[in-house]
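*Asks:* Can you keep this structure in mind? I'll have questions shortly.
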Amino acid sequence: MAVEQNAPVTTAPVELWVERTGTRAYTGRSNRGAEVLIASQGVPGAFTPGELLKIALAACTGLSSDLPLSRRLGDDFDATIRVSGDADRENELYPQLDEVFELDLSELDEEARERLLVTVQRAVDKVCTVGRTLKAGTKVTLNFDIDA
């Protein structure tokens, strides 16, 4: 689904949650009506939580770089950001995530390509919240709301 370039940005707080839908299967939801299927590895049509983490990183990189790229390449440029990284199962974490940003910059000369890539890297480093959070680390808390 394409997002309109000048679509208004909603400022209402986004509520996010997951609901259990089966054995080791959940549906992630937002109060904006979005849904994503989440399950164990190998379940057709569903992402694992680790896959969603990687997709969030790639999507954040893309969204963070979209404005400088569209200014230079026009609104209809093609981009694919591939992300990979194997889990360290002993420690249950991803020690490294690698992104590859695929862009056609063949119409730019070498100097213009280098300037654009520096601008894109700066934009991602400055405003990609997911990447910045992963690099910095974050405090995570877990509370329980139980019926007793």
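*Asks:* Considering the stretch 51-67 alone, what residues qualify as being surrounded by 16 or more Cβ atoms within 10 Å (Cβ to Cβ), more than 15 Å from Thr133 (Cβ to Cβ) and not polar (S, T, N, Q)?
*Replies:* The first filter runs over the stretch 51-67 and keeps only residues surrounded by 16 or more Cβ atoms within 10 Å (Cβ to Cβ), leaving 53-54, 56-58, 60-66.
Among the residues that remain, those that are also more than 15 Å from Thr133 (Cβ to Cβ) are: 62, 65-66.
If the condition is that a residue be surrounded by 16 or more Cβ atoms within 10 Å (Cβ to Cβ), more than 15 Å from Thr133 (Cβ to Cβ) and not polar (S, T, N, Q), then Gly62, Asp66 are the ones that fit.
*Asks:* Of all residues being of a type in the set (Val, Ile, Thr) and out of contact with any helix residue (DSSP H, G or I) (no Cβ under 8 Å at 6 or more places or on another chain) in the stretch 36-50, which is most open to solvent (accessible area, probe 1.4 Å)? Just the residue, please. First the steps, then the outcome.
*Replies:* Restricting attention to the stretch 36-50, the residues satisfying the condition of being of a type in the set (Val, Ile, Thr) are 36, 38, 43, 48.
Those still in the list that are out of contact with any helix residue (DSSP H, G or I) (no Cβ under 8 Å at 6 or more places or on another chain) too: 43, 48.
Values: Val43: 65, Thr48: 23 Å².
Only one residue fits best here, namely Val43.
*Asks:* Check the stretch 135-146 and report whether any residue there is open to solvent by less than 100 Å² (accessible area, probe 1.4 Å), part of a helix (DSSP H, G or I) and at pLDDT 95 or above.
*Replies:* yes
*Asks:* Scan Thr80, Thr61 and give me the residue that is in contact with a strand residue (DSSP E or B) (Cβ under 6 Å, 6 or more places away or on another chain) and in a helix (DSSP H, G or I). Show your work before the answer.
*Replies:* Details: Thr80 fails: in a helix (DSSP H, G or I).
Criteria check complete, one pass: Thr61.
*Asks:* Counting only residues that are in contact with a Ser or Thr (Cβ under 9 Å, 6 or more places away or on another chain) and crowded, with 16+ Cβ neighbours inside 10 Å, how many does the stretch 98-112 have?
*Replies:* So the answer is 3.
*Asks:* Those residues that are under 25 Å from Arg72 (Cα atoms), among the aliphatic types (A, V, I, L, M) and either over 20 Å from the mean Cα position of the chain (by Cα) or assigned to a helix (DSSP H, G or I) (or both), I need them from the stretch 99-134; list them, please.
*Replies:* Scanning the stretch 99-134 gives Leu105, Leu108, Ala112, Leu116, Leu117, Val118, Val120, Ala123, Val124, Val127, Val130.
*Asks:* Something else: What pairs come out if I take residues in the stretch 79-107 that are in contact (Cβ under 8 Å) with a residue 12 or more places away in the chain and pair them with residues that are aromatic (Phe, Trp, Tyr) and surrounded by 10 or more Cβ atoms within 10 Å (Cβ to Cβ) whose C-beta lies under 6 Å away, six or more apart or interchain?
*Replies:* Short answer, once both residue conditions are applied: Ile81/Phe101; Gly85/Tyr94; Ala87/Tyr94.
The values are calculated or read from the model by the stated rules, or taken from the named source; none is laboratory data. Keep in mind it's a predicted model, so treat the numbers as computed, not measured. Ideal geometry is used to build each Cβ from the backbone, glycine not excepted, and the neighbour counts take in all protein chains shown. Heads up: the accessible areas ignore ligands, DNA and RNA and are worked out on the full protein's heavy atoms, side chains in. Shrake-Rupley method; radii C 1.70, N 1.55, O 1.52, S 1.80 Å.
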